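Each remark here refers to the structure printed beneath this line.
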């Protein structure tokens, strides 16, 4: 009997949410509360939105760099969304997990589905908006996008919401109750570390 | 999509711990923090220890009353421990769950094993002492018991610790870190409500 509980390796969490559901805000709060978890920063070929910081929100790379990584099997998963390419660099995730540290992948449902096939023992969390109407309102408030972008995101969101059924956990980010959503995601991470049967995560 | 997450029925949690591990203290803290969960009070034929309140720690009943409940199938589970009989009244548990409210059963590993056979979808949490030495120290500080009682409890604890392997979750109640143990049990309860696949609990 030791004071270390459950897994001796780090755990891999996957957080997905339709655009505009507030996953970046939830993740920022988790980090502010000192939760010991690495946030995997994805690569993308899309242009940064105003306010997005390279290396924080994404690693913004060229299509050439992206295809180089892909060809060298350096991406844990990759997917095309809204005409742009996204991918999760494999090496840092593998190194953190091997060091016994948790990792959170912030990826869309397509990417999550791929990770699930490759790493079924990962823990999948879907952050859901309170309603489609609420999501529409949040997207309209995002001035960095065109009307067309917003309409496309909303259509995609409907598809993404259908996919939540295969996730392990669902957390609703209710309007005005951000702290509640953050607490729930945090609770899921803490609870998973209390599992008697450790998850064998290999990537 | 609604704001109600996961299960529409209440969830059934089972908390076990070797004597002296501090489960009553953990449960009291959970209630003090306003966690909306009913604590099922077991019946027992043993004599109350000093400080124990009838209807709070246990319903202290006679052997005649006990056998009457048993004969009428009014006990969800029952077991003999240290020469005394214990049981969980079925009706309040069933009614709370049907009303969509959570219930926590505070029972020993024998009783938990029975509940697991009858209600496999219940969630089993083992509260573990930091070490056998620490447990021995706590039991020695409990003045209400004889030396013989303590020795017997310690021997039983070794057996009980072996049983934790089949529990869903294990939380170590580290000396001086009660808040940590309380937070973990609370996290497990919150996380279980976020499961996408609801548990079908029938008792």
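Derivation of every value follows stated rules applied to the coordinates shown; laboratory data play no part. The structure presented is a predicted model; accordingly, all values stated were derived computationally and were not measured. Glycine also receives a Cβ, built like all others from the backbone with ideal geometry; neighbour counts cover every protein chain displayed.
If you take every DSSP beta bridge fully contained in the protein assembly as shown, what fraction is antiparallel? Give it as a percent rounded to 5.
Working: 18 of 58 bridges.
For the protein assembly as shown, the DSSP antiparallel bridge percentage is about 30.
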**Message:** Using a 10 Å cut-off around each Cβ of peptide B:123-132, what is the average number of partner chain Cβ atoms that fall inside?
**Reply:** 2
**Message:** Could you list B:31, A:186 so that the one with the fewest beta carbons within 10 Å of its beta carbon is first and the one with the most is last?
**Reply:** B:31, A:186
**DSSP beta bridge pairing in the stretch A:12-193, given as percent antiparallel to the nearest 5** = 30 percent
**Cα convex hull of the stretch B:86-203 - mean projected area over all directions, nm²** = 8.5 nm²
**Item:** Which of B:60, B:126, B:13 has the fewest Cβ neighbours within 10 Å, and the rest in rising order
**Value:** B:60, B:13, B:126
**Prompt:** On average, how many beta carbons from a partner chain sit within 10 Å of the beta carbon of a residue in A:176-186?
**Reply:** 2
**Complete:** Exposure proxy check on A:171, B:81, B:109: fewest-to-most Cβ neighbours within 10 Å is B:81, B:109, A:171
**Prompt:** How many angstrom separate the Cα center of the stretch A:52-103 from the Cα center of the stretch B:148-179?
**Reply:** 44 Å
**Complete:** So for the stretch B:26-119, using the alpha carbon gyration tensor with a ≥ b ≥ c as root eigenvalues (a/c under 1.5 gives rounded; past that, a/b versus b/c decides prolate or oblate), I'd call it oblate
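Scale the Cα Rg of chain B by the rule-of-thumb value 2.2 N^0.38 Å and send over the ratio, two decimals.
Values: Rg = 16.8 Å, N = 203, 2.2 N^0.38 = 16.6 Å.
Here the answer is 1.02, to two decimals.
Could you work out [θ]222 nm for the protein assembly as shown from helices alone, using -39500 (n - 2.57) per DSSP H run of at least four and dividing by all its residues? Round to the nearest 500 deg cm²/dmol. Write down the numbers at each step before the final one.
Values: 14 runs with 160 residues, N = 406.
After summing the helix terms and dividing by the residues of the protein assembly as shown, the value is -12000 deg cm²/dmol.
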**Request:** May I ask for log10 I(q)/I(0) of the protein assembly as shown at q = 0.07, 0.08 Å⁻¹, from a Debye sum over the Cα atoms as equal point scatterers with solvent left out?
**Result:** -0.40, -0.51
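What is the average number of partner chain Cβ atoms found within 10 Å of a Cβ in B:163-173? Show your work: numbers first, answer last.
Working: counts 0, 2, 2, 2, 4, 5, 9, 8, 5, 6, 0.
Going residue by residue through B:163-173 and averaging, the value is 4.
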**Request:** For residue B:59, go 7 angstrom from Cα along the Cα-to-Cβ vector, then report the distances to that same point in the other copies in nm, smallest first.
**Result:** 6.3
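Taking R0 as 35 Å, what FRET efficiency do you get between residue A:24 and residue B:101 from their Cβ-Cβ distance, rounded to the nearest 0.05? Mind showing how you got there, number by number?
Values: r = 35 Å, r/R0 = 1.00.
The value I calculate is 0.50.
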